[in-house]
Amino acid sequence: MANYKKQKAFTLVELLVVIAIIGILATLAVIALQQARSRARDSKRVADVKQTQTALELFFNEQGRYPTVEEWNSGTLITSSGEMLMINIPTAPYPADGVCDPNQNTFYYQVDDDYSTYSISFCLGNDISNLEEGLKCATPGGILNDDCSGSETGGSESTACYPDCQAGYICQSGSCVVDTFECGQAVSYNGHTYPTVAIGDQCWFKENLRTDKFKNGESITLISGTWPSLSNIVVGLNDIFYGFYQNDSSLGDAYGYLYSGYANLDPRGLCPDGWKTPSRSEWLELVGLISPETGLKLNSCYMIDSPLGGSCSTDIHPRWNSSSYYSDDSFNFSALPGGYVNGGNPSYSSGLGTQSHFWTITPYSSDRIYHVYSHALNSTGFMAESNMYDWRNGGRYIRCIKERPIDGKTIPIVSTDTISNITANQVTLSGSISSDGGLPVYSKGLVLSEDPNPFVGSSGSKVTNVSPGVAPFTTTIKGLSPGKTYYIRAYAANELGIAYGDVLEFDSLDPCEGESYVDYNGHSYEILGMDTNCWFLENLRTEKFNNGEDIKRLTTYPGWRALSYYISTDFVNNSALGSYSNDVNLENAYGLLYSGHAIFDPRGLCPEGWRLPTRSEWVSLVNSISPDTGLNLHSCRKIGSPLGGSCLTDVHPRWNSSSFYGDNKYNFNVLPGGYIYGGTNANFTGLGAYANYWTSEYLISDTTYGRVYYVNFHESNSTGFNHQDNTYSFRNAGLSVRCIK
């Protein structure tokens with residue numbers, strides 16, 4: 001009899017587990033398939049757009065323009081000669097993928113009014129190559145990680161292009177368009193038209209530059225006084241500026257504008273898109289191109305007593321001084337001797353009529369730049385020696401040259417390294433350059449914006465520009481707003497363009513924790529985060545201590561003299577307040593003055609959670625806005641203010657007339673309420689001239705009087721602020737108070 005072994009069957013639980021596993025595997029397979037299909041659709045979107053861009057370029061080459069919207073909507077690209085470029089214009093694959101909604105799943109074509117550029121908006125659900133998910137913008141210069149659909153969620157408007165346009169394209173209104181320029185045509189730029197001239201394969205402006213804006217439309221400061229030295233930048237200006245020889249605008253009209261070296265190297269660019277400041281080698285190339293003629297032939301023929309006669313012989317600017325060396329301007333370069341400004345400790349030199357100095361884009365060192373000049377001193381007429389360089393605060397003219405590709409060279413490679421020193425108003429960034437691309441790096445630094453894609457020249461961006469070269473750098477940018485999200489990255493520029501590092505995100509400090517005012521004893525005080533602290537934006541005017549008890553009011557200066565000017569714990573009799581000259585109108589305008597005893601009174605002058613600042617906190621506040629100065633914390637209200645408008649007033653509160661003035665750039669509203677001098681001769685003084693603020697510190701070595709440190713804002717020089725070690729006063733003095741959280 002045979003033996004049979006009974007086979008064990010699956011239990012119900014085991015069957016359910018197997019079914020579940022099969023279901024999970026099937027689900028994963030479906031998900032993987034869906035993801036693969038989604039990426040395939042996105043790849044097709046990119047391929048279709050690129051194919052369409054090729055057809056659009058063929059259309060442009062044939063027609064001299066891009067298609068109208070009506071021609072696009074016909075679904076076919078065909079030229080007027082009947083050449084079929086695209087039988088069926090592709091449509092976006094269905095369905096929409098990833099972050100894209102159905103309304104964005106289209107190829108949305110737009111063309112500008114003169115049909116010189118176009119944009120195609122489309123959406124990717126996945127990252128494809130270097131394109132991130134989300135809305136994309138195809139332009140003649142390439143496919144950008146931006147929204148050009150015109151929707152409210154699109155990127156910020158800008159006249160600059162990111163990334164830089166490819167060779168053969170220029171940036172117009174934020175889009176890359178085909179560069180159809182031919183040398184000899186005039187170039188209109190920022191209100192002036194420049195003739196151009198071809199010399200060899202170089203194309204030059206025939207006139208010196210005279211723009212008051214960078215190519216992205218941002219203004220350049222006009223300097224109207226002495227050019228600042230390296231160690232003494234003029235108040236209210238930075239080191240990026242332009243001017244006229246001897247501050248004479250008629251000479252600016254005749255010869256063009258003088259630009260500081262800082263403006264010359266600014267990455268926003270002085271020349272129009274597609275043009276640049278020439279390198280030193282390009283100037284040397286120019287002289288080589290006209291050989292065996294000399295640089296003298298590059299000069300304009302306009303000269304006092306020119307032997308050529310006619311219009312060449314003139315004593316009206318622009319012209320060369322009389323010389324035995326003259327030019328017939330046979331190359332139409334028309335160099336004119338507008339003089340220059342020496343760097344270091346600048347002065348207007350004697351070059352007017354004898355020398356024409358031009359910046360190059362080539363740095364000599366971290367603080368100096370090569371320049372060249374034309375002259376009529378001998379038969380060479382041109383100098384570009386290896387020792388010809390000047391400090392970056394010097395002033396030279398600029399001749400723009402058309403950009404050309406440079407074989408074997410690239411833009412730099414730059415890295416965004418670390419963020420540090422984040423406060424309410426500033427941040428520090430470190431960056432490094434691993435390659436200069438084979439050309440000198442003339443500009444590097446950081447670019448910051450509230451837009452997730454910060455780039456040089458974009459609307460609302462802030463830029464620093466540190467010394468040239470490839471050395472690692474650390475740079476600080478100021479003027480941020482508290483409690484904001486910012487995006488920041490390093491950049492580096494050479495002749496071929498600007499390279500960027502990765503974008504980093506950070507939040508500026510918000511010391512005021514989202515609050516904008518504080519109510520205290522019947523008055524509402526505006527507050528603002530500055531540096532690492534939250535500050536009152538006006539002077540204290542409380543008549544009660546924090547605990548609700550009244551502060552003794554004094555109405556005459558003899559009353560102030562009667563206060564103890566020694567260290568005292570008798571706060572009841574010595575803590576006091578008053579208004580300047582006992583004038584309630586001045587009290588309303590400037591706030592109250594408090595005795596030095598009141599600031600140490602344990603009952604507290606400031607609201608709960610607030611206090612008087614230390615001396616170092618005042619100093620840190622002013623340092624945090626450098627290179628701006630204390631003047632930029634002053635209210636702009638002033639007798640004779642050159643700013644005009646509401647700043648120009650003789651009504652209190654205001655500063656007295658002087659050659660230095662504030663602009664209230666940071667809304668800190670320092671106003672000169674005067675003070676009461678301490679000691680035995682206590683008296684009112686300084687109204688309109690001084691804003692003196694108590695600090696919470698006193699001179700510890702002064703064991704008898706315990707004189708109290710204060711800080712002094714004034715408009716007697718360009719610093720606008722004083723905090724010397726001997727700036728202290730007796731405790732029966734009356735000064736203003738600002739509270740800090």
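Just so you know, all these numbers are worked out from the coordinates, no wet-lab data involved. All values reported here derive from a predicted model rather than from experimental measurement. Here Cβ is always computed from backbone atoms with ideal geometry, including for glycine, and neighbour counts include all displayed protein chains.
Side notes on the structure shown:
- Option label - Cα extents along the principal axes in Å computed here, alternatives (i) 120, 79, 61; (ii) 94, 65, 65; (iii) 131, 103, 50: (iii)
- The calculated 222 nm mean residue ellipticity attributable to helices in the chain amounts to -4500 deg cm²/dmol, summing -39500 (n - 2.57) over DSSP H runs of n ≥ 4 and dividing by all residues.
- Quarter of Cα convex hull surface for the stretch 497-580, i.e. mean projection, nm²: 11.0 nm²
- For the chain, the relative contact order is 7 percent, taking Cα pairs closer than 8 Å that sit 6 or more residues apart in sequence and dividing their mean separation by the residue count.
- Each residue of the stretch 686-697 was assigned a 3J(HN,Hα) from its phi angle through the Karplus curve 6.51 cos²θ - 1.76 cosθ + 1.60 (θ = phi - 60°); the sequence is x, 4, x, 10, 9, 10, 9, 10, 4, 10, 8, 10 Hz, with glycine and proline shown as x.
- Partner aspartates and glutamates whose Cα lies under 16 Å from the Cα of LYS206, excluding those fewer than 8 positions away in the same chain, are identified as GLU182, ASP253, GLU282, ASP328, ASP329, GLU403.
- Size of charge dipole - the stretch 295-438 - debye, nearest 20, with Cβ of Lys, Arg +1 and Asp, Glu -1, no other charges: 120 debye
- Projected onto planes of every orientation and averaged, the convex hull of the alpha-carbon atoms in the stretch 187-402 covers 11.3 nm².
- One decimal place: the segment THR106-VAL18 gains 27.3 nm when fully extended, by the rule 0.36 nm per residue minus the C-alpha distance.
- When each of the peptides 433-441, 670-678, 119-127 is scored by the mean number of other C-beta atoms lying within 10 Å of its residues, the order from highest to lowest reads 670-678, 119-127, 433-441.
- Which of THR211, ASN345, THR294, positive extreme of dipole for the chain (C-beta unit charges): ASN345
- Listed by chain and number, the lysines whose C-alpha is less than 24 Å from the C-alpha of LYS544, apart from same-chain residues fewer than 8 away, are LYS552, LYS741.
- Farthest positive-ward along the chain dipole, Cα basis, beta-carbon charges - from LEU593, ASN656, PRO558: PRO558
- Nearest-20 debye value, the stretch 517-735 charge dipole, Cβ charges on Lys, Arg, Asp, Glu: 340 debye
- Inter-site label distance for SER716 and ALA47 at 7 Å from Cα along Cβ, in nm: 7.8 nm
- The alpha-carbon of LYS638 sits under 20 angstrom from the alpha-carbons of these lysines, leaving out residues fewer than 8 places away in its chain: LYS665.
- Computed about the Cα centre, the dipole magnitude for the chain is approximately 1460 debye when only Lys and Arg (+1) and Asp and Glu (-1) carry charge, each at its Cβ.
- Calculated from backbone phi, Karplus (6.51, -1.76, 1.60) coupling profile of the stretch 566-571 in Hz, x at Gly/Pro: 9, 4, 8, 9, 7, 5
- Charge dipole (the stretch 371-513, unit charges on Cβ, about Cα centre) - positive-most of THR423, THR474, TRP391: TRP391
- Cα gyration tensor shape of the stretch 391-490, rounded if a/c is under 1.5, else prolate or oblate by comparing a/b with b/c: prolate
- Mean Cβ count within 10 Å, highest first, over the residues of peptides 729-740, 522-533, 628-639, 282-293: 729-740, 628-639, 522-533, 282-293
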